[in-house]
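What follows is a short report on a single structure.
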Amino acid sequence: MDQVTVDYPARPGIIRDVSLNLPAGSFTFVTGPSGAGKTTLLKLMFLGLKPSAGRLQIFGRNAYDLSRDQKAYVRSRLGVVFQDFRLIDHMSIYDNVALPLRVTGKDVKSERDYVQELLYWVGLGDYANAKPEELSGGQKQRAAIARAVINRPALLLADEPTGNVDDGIGLKLIRLFEELNKLGTTVVVATHSESLLQRFEYPAIRLDGGRLAVRERDVA
Ligand SMILES: Nc1ncnc2c1ncn2[C@@H]1O[C@H](COP(=O)(O)OP(=O)(O)O)[C@@H](O)[C@H]1O
Ligand SMILES: [Mg+2]
């Protein structure tokens, strides 16, 4: 991102003049108080929002010069964990988690064991046939995480992914992200959890009032 600013109508400067570079393969926390702009920063990164000013590159390309096909390709390489989960209500947990495989044209049948293994990994092995409404907030969050990682994305963007689970499960989920990171996935985790930030020695970008404030630990 190069001098990126986001203005919402009647709310100028939600993100102000932010420049940052997240190298491929890095693991970065985005932190700051509620309302600081963390979710907005992630939205920029998944091309869900166009900046009012500044430039953004993703996978080495200008994010806003992409053709439709290029944009679809970029999106297929992203995994996003939304703060509000966004599971599809009428689909089972299994189908929700397997959805990115279908979207990218993979043979879901041959991936059955992998989907089930991932469900076990996030502690939802017995919930494959359940509908989202039967799950607690923390369980939905874990289903959303499984869905975001199933395609082994090049870039994983996770918005408060441990916000609804207790600390033990939160640690396990971050370890899952670490495993992916070791396999090459670039990881960005927005969190206001001080205990997570202290526990994991990854660089942290701190937002305050839309600006990049002190960098807790330098981003490589
Ligand atoms: N679509 C929108 N329109 C107007 N204001 C918004 C919109 N989305 C977020 N905001 C405001 O932008 C600020 C930053 O929000 P957000 O990025 O969600 O922060 P965080 O994730 O750090 O809590 C907040 O003050 C929020 O109310
Ligand atoms: Mg947020």
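Values in this text are rule-based calculations from the coordinates and carry no lab data. These numbers were taken from a predicted model, which means no experiment stands behind them. Because the Cβ atoms are built from the backbone with ideal geometry, glycine has one as well, and the counts that use them run over all protein chains shown.
Of note:
- Taking 28 Å as the limit for the C-alpha separation, the pairs Lys71/Lys131; Lys106/Lys131; Lys109/Lys140; Lys43/Lys109 exceed it in the case of Lys71/Lys131; Lys43/Lys109.
- Rounded if a/c under 1.5, otherwise prolate or oblate - the stretch 12-65, Cα gyration tensor axes: oblate
- Karplus-based coupling profile of the stretch 194-208, in residue order and whole Hz: 5, 5, 5, 4, 6, 6, 10, 8, 8, x, 10, 9, 9, 9, 8, with θ = phi - 60° in 6.51 cos²θ - 1.76 cosθ + 1.60 and x standing for Gly or Pro.
- Residues whose amide H falls under 5 Å from that of Ala213, counting only those 5 or more places apart or on a different chain, are Arg206, Leu207, Asp208, with hydrogens built in the peptide plane.
- Principal-axis tilt of helix 93-103 within the chain, Cα atoms, nearest 10 degrees: 60
- Net dipole in debye of the chain [+1 Lys, Arg Cβ; -1 Asp, Glu Cβ; about Cα centre; nearest 20]: 640
- Per-residue Karplus couplings for the stretch 156-165, computed as 6.51 cos²θ - 1.76 cosθ + 1.60 with θ equal to phi - 60°, are listed in order as 10, 10, 10, 9, 6, x, 10, x, 10, 10 Hz, Gly and Pro entered as x.
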